[in-house]
1. Scan segment 60-87 for residues that are surrounded by 15 or more Cβ atoms within 10 Å (Cβ to Cβ), touching a helix residue (DSSP H, G or I) at 6+ places or on another chain (Cβ under 9 Å) and in a helix (DSSP H, G or I) and jot them down.
2. Only one of (1) in contact with a Ser or Thr (Cβ under 7 Å, 6 or more places away or on another chain); (2) loosely packed, with under 13 Cβ neighbours inside 10 Å is not met by Glu123, so which one is it?
3. Looking for whichever is of a type in the set (Asp, Glu), farther than 17 Å from Pro17 by Cα and within 22 Å of the chain's Cα centre (by Cα) here; the options are Asp192, Asp246, Asp198. Which one fits?
4. Just one of the numbered conditions (1) in a helix (DSSP H, G or I); (2) in contact (Cβ under 8 Å) with a residue 40 or more places away in the chain; (3) in contact with a helix residue (DSSP H, G or I) (Cβ under 7 Å, 6 or more places away or on another chain); (4) of a type in the set (A, V, I, L, M) is not true of Ile45; which one?
5. From Pro21, Pro90, Pro17, grab the single residue that is surrounded by fewer than 14 Cβ atoms within 10 Å (Cβ to Cβ), closer than 24 Å to Ala232 by Cβ and not β-branched (Val, Ile, Thr).
6. Within segment 150-170, take every residue that is polar (S, T, N, Q) and in contact with a strand residue (DSSP E or B) (Cβ under 9 Å, 6 or more places away or on another chain) and give me the one that is modelled with the highest pLDDT.
7. Suppose the filter is more than 30 Å from Ile145 (Cα to Cα) and free of Cβ contacts under 8 Å to residues at least 12 places away in the same chain; does Lys10 pass it?
Amino acid sequence: MYPERETKVKSILITQPPPEPGRNVYEEFAKKYKITIDFRAFIHIEPLTPKEIRKQKVNFADFTAVIFNSKNAVDYFFSLAQEMKVEISPEMKYFSINENVSNYVQKYIVPRKRKMFTSKGNEKDFLTLFKTHKKEKFLFPCSDIRKPSIPDYFTQNEFDFTEVIIYRTVSSDLSDLENVFYDVIVFFSPADIKSLYDNFPGFVQNKTRIAGFGSSTQQAIEEHNLILDIPAPAVNIPSMVAALEDYLSRVNK
């Protein structure tokens, strides 16, 4: 902790897209402390081209099951299949990490109960779905940045499993922020930190407080020799909103 850095906050930048109307969890928080909160995505995603998919030597039609861990993966998988003129078998099985993703798959297929599998719990529960499907040939379409837990599980349990990168995470252009100052900048992923330095290689933290959500984000902050002023989650602080609330309750008295 750096007590000398705990000074009043008037502005916060959240490095994510603006929330959908009615879903801004920061709205009441901003009113309570009479501060300005801006949203700006530091990263965005771009689909790979069919040529880039072919370079990975993967044919979607060779598989009997697909694993989806996000709506983006669903969109780009079916879009690429159409663009590459790959006919997806009506017998294909779909494993989705949660019900939201599973419902989203149904935009592209006629749902059949014995071909759709989803978890109602966390990722650990999700992985248990595969125990009775070891004969399947699994395809995992994903981003170039992803947690290793799913590939690790399939490798350790000797499944027939292939990972294919179908979209990448890219740093957004933040040049319009060059001369803008915020008291607090909130980061949610290592890619956000990378984007900061891609856009502003000479960034100096000075009095800017930095908030970081998750261990991988906090590690990236440390690796860049930045001071982490507001970590989350923490003991009795489950969310970033809670962490900011805890911090501002001290500094904005």
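The values are calculated or read from the model by the stated rules, or taken from the named source; none is laboratory data. For clarity, every value in this text was computed on a predicted model and none was experimentally measured. Cβ sites come from the backbone with ideal geometry, for glycine too, and all protein chains shown count toward neighbours.
1. Listed by number, the residues that qualify are Phe60, Lys71, Ala73, Val74, Asp75, Phe77, Phe78, Leu80, Ala81.
2. Glu123 satisfies all of (1) in contact with a Ser or Thr (Cβ under 7 Å, 6 or more places away or on another chain); (2) loosely packed, with under 13 Cβ neighbours inside 10 Å except (2).
3. Within the list Asp192, Asp246, Asp198, the selection yields Asp198.
4. Tallying (1) in a helix (DSSP H, G or I); (2) in contact (Cβ under 8 Å) with a residue 40 or more places away in the chain; (3) in contact with a helix residue (DSSP H, G or I) (Cβ under 7 Å, 6 or more places away or on another chain); (4) of a type in the set (A, V, I, L, M), Ile45 fails exactly one: (1).
5. Working: Pro21 fails: closer than 24 Å to Ala232 by Cβ; Pro90 fails: closer than 24 Å to Ala232 by Cβ.
Sole residue among the options that is surrounded by fewer than 14 Cβ atoms within 10 Å (Cβ to Cβ), closer than 24 Å to Ala232 by Cβ and not β-branched (Val, Ile, Thr): Pro17.
6. The selected residue is Thr162.
7. Numbers: more than 30 Å from Ile145 (Cα to Cα): yes; free of Cβ contacts under 8 Å to residues at least 12 places away in the same chain: no.
No, not satisfied.
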